[in-house]
Amino acid sequence: MSKVKDELIAILEKRHGATARNVVEDLYKAGALDDSLCRTAVVVERFHEMIATTCTPQHEIEHSIAMMYGTSRSTVQYTLRKRPA
(Lines give C-alpha, C1' and ligand atoms only; values in the text may rest on other atoms or scores of the structure.)
Protein backbone atom coordinates (compact mmCIF):
# COMPACT_ATOMS: atom_id res chain seq x y z
CA MET A 1 0.00 0.00 0.00
CA SER A 2 1.31 3.43 -0.86
CA LYS A 3 2.13 6.15 1.65
CA VAL A 4 -0.41 8.63 0.24
CA LYS A 5 -3.13 5.99 0.10
CA ASP A 6 -2.54 5.22 3.79
CA GLU A 7 -2.60 8.94 4.63
CA LEU A 8 -5.83 9.48 2.74
CA ILE A 9 -7.42 6.52 4.50
CA ALA A 10 -6.33 7.95 7.88
CA ILE A 11 -7.81 11.37 7.03
CA LEU A 12 -11.09 9.84 5.88
CA GLU A 13 -11.32 7.44 8.82
CA LYS A 14 -10.98 10.41 11.17
CA ARG A 15 -13.92 12.12 9.47
CA HIS A 16 -16.13 9.20 8.47
CA GLY A 17 -15.14 6.18 10.53
CA ALA A 18 -13.65 2.79 9.79
CA THR A 19 -15.62 2.20 6.59
CA ALA A 20 -13.42 4.76 4.79
CA ARG A 21 -10.77 2.08 4.23
CA ASN A 22 -13.25 -0.14 2.40
CA VAL A 23 -14.43 2.75 0.23
CA VAL A 24 -10.88 3.70 -0.76
CA GLU A 25 -10.01 0.07 -1.53
CA ASP A 26 -13.14 -0.30 -3.67
CA LEU A 27 -12.34 2.89 -5.58
CA TYR A 28 -8.80 1.63 -6.25
CA LYS A 29 -10.13 -1.70 -7.50
CA ALA A 30 -12.61 0.07 -9.78
CA GLY A 31 -9.85 2.29 -11.19
CA ALA A 32 -11.58 5.46 -10.00
CA LEU A 33 -8.75 6.32 -7.58
CA ASP A 34 -4.98 6.08 -7.92
CA ASP A 35 -1.88 7.33 -6.11
CA SER A 36 -1.86 10.58 -8.05
CA LEU A 37 -5.39 11.47 -6.97
CA CYS A 38 -4.63 10.40 -3.40
CA ARG A 39 -1.56 12.64 -3.37
CA THR A 40 -3.65 15.58 -4.60
CA ALA A 41 -6.22 15.05 -1.86
CA VAL A 42 -3.58 14.65 0.85
CA VAL A 43 -1.60 17.71 -0.29
CA VAL A 44 -4.73 19.87 -0.12
CA GLU A 45 -5.70 18.47 3.27
CA ARG A 46 -2.21 18.89 4.76
CA PHE A 47 -1.96 22.46 3.45
CA HIS A 48 -5.26 23.49 4.99
CA GLU A 49 -4.39 21.75 8.24
CA MET A 50 -0.99 23.49 8.46
CA ILE A 51 -2.24 26.94 7.43
CA ALA A 52 -4.95 26.75 10.11
CA THR A 53 -2.76 25.50 12.95
CA THR A 54 0.59 27.25 12.51
CA CYS A 55 1.94 30.76 12.09
CA THR A 56 4.19 29.58 9.27
CA PRO A 57 3.98 31.67 6.09
CA GLN A 58 2.13 30.15 3.15
CA HIS A 59 5.21 29.86 0.94
CA GLU A 60 7.06 27.91 3.64
CA ILE A 61 4.13 25.53 4.08
CA GLU A 62 4.01 24.99 0.32
CA HIS A 63 7.75 24.27 0.32
CA SER A 64 7.46 21.84 3.27
CA ILE A 65 4.62 19.96 1.62
CA ALA A 66 6.55 19.81 -1.65
CA MET A 67 9.49 18.25 0.18
CA MET A 68 7.22 15.75 2.00
CA TYR A 69 5.66 14.49 -1.22
CA GLY A 70 8.62 14.73 -3.58
CA THR A 71 7.31 17.48 -5.79
CA SER A 72 7.95 21.17 -6.43
CA ARG A 73 6.42 24.15 -4.69
CA SER A 74 4.89 25.25 -8.01
CA THR A 75 3.18 21.87 -8.31
CA VAL A 76 1.77 22.29 -4.80
CA GLN A 77 0.54 25.77 -5.74
CA TYR A 78 -1.07 24.42 -8.91
CA THR A 79 -2.72 21.62 -6.95
CA LEU A 80 -4.13 24.09 -4.44
CA ARG A 81 -5.50 26.34 -7.20
CA LYS A 82 -7.24 23.53 -9.04
CA ARG A 83 -8.58 21.86 -5.85
CA PRO A 84 -9.98 24.54 -3.54
CA ALA A 85 -11.16 23.57 -0.09
If I stretch the segment between residue 82 and residue 52 completely, what's the gain in nm (0.36 nm per residue apart, minus their alpha carbon distance), one decimal? 8.8 nm
Global size of the chain as Cα Rg and Dmax, reported in angstrom: 13.3, 40
Can you pull the percent of the stretch 41-85's accessible area that's carbon plus sulfur, 1.4 Å probe, other chains left in place? 55 percent
Rolling a 1.4 angstrom probe over the protein chains, ignoring ligands and nucleic acids, what is the accessible area of residue 35 in square angstrom, nearest 10? 60 Å²
Working from Cα positions, state the angle (0 to 90°, nearest 10) between the long axis of helix 73-82 and the longest principal axis of the chain. 60 degrees
Per GNM of the chain with C-alpha springs under 10 angstrom, the most fluctuating residue out of 63, 48, 16 is 16
Under a 1.4 angstrom probe, counting protein chains only, how are 74, 64 ranked by accessible area, largest first? 74, 64
Surface per residue (accessible, 1.4 Å probe) for the stretch 16-75, Å²: 61 Å²
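The values are calculated or read from the model by the stated rules, or taken from the named source; none is laboratory data. Worth saying up front: this structure is predicted, and the values here are computed from it rather than measured. Side chains included, ligands, DNA and RNA excluded: accessible areas come from the protein's heavy atoms. Shrake-Rupley method; radii C 1.70, N 1.55, O 1.52, S 1.80 Å.
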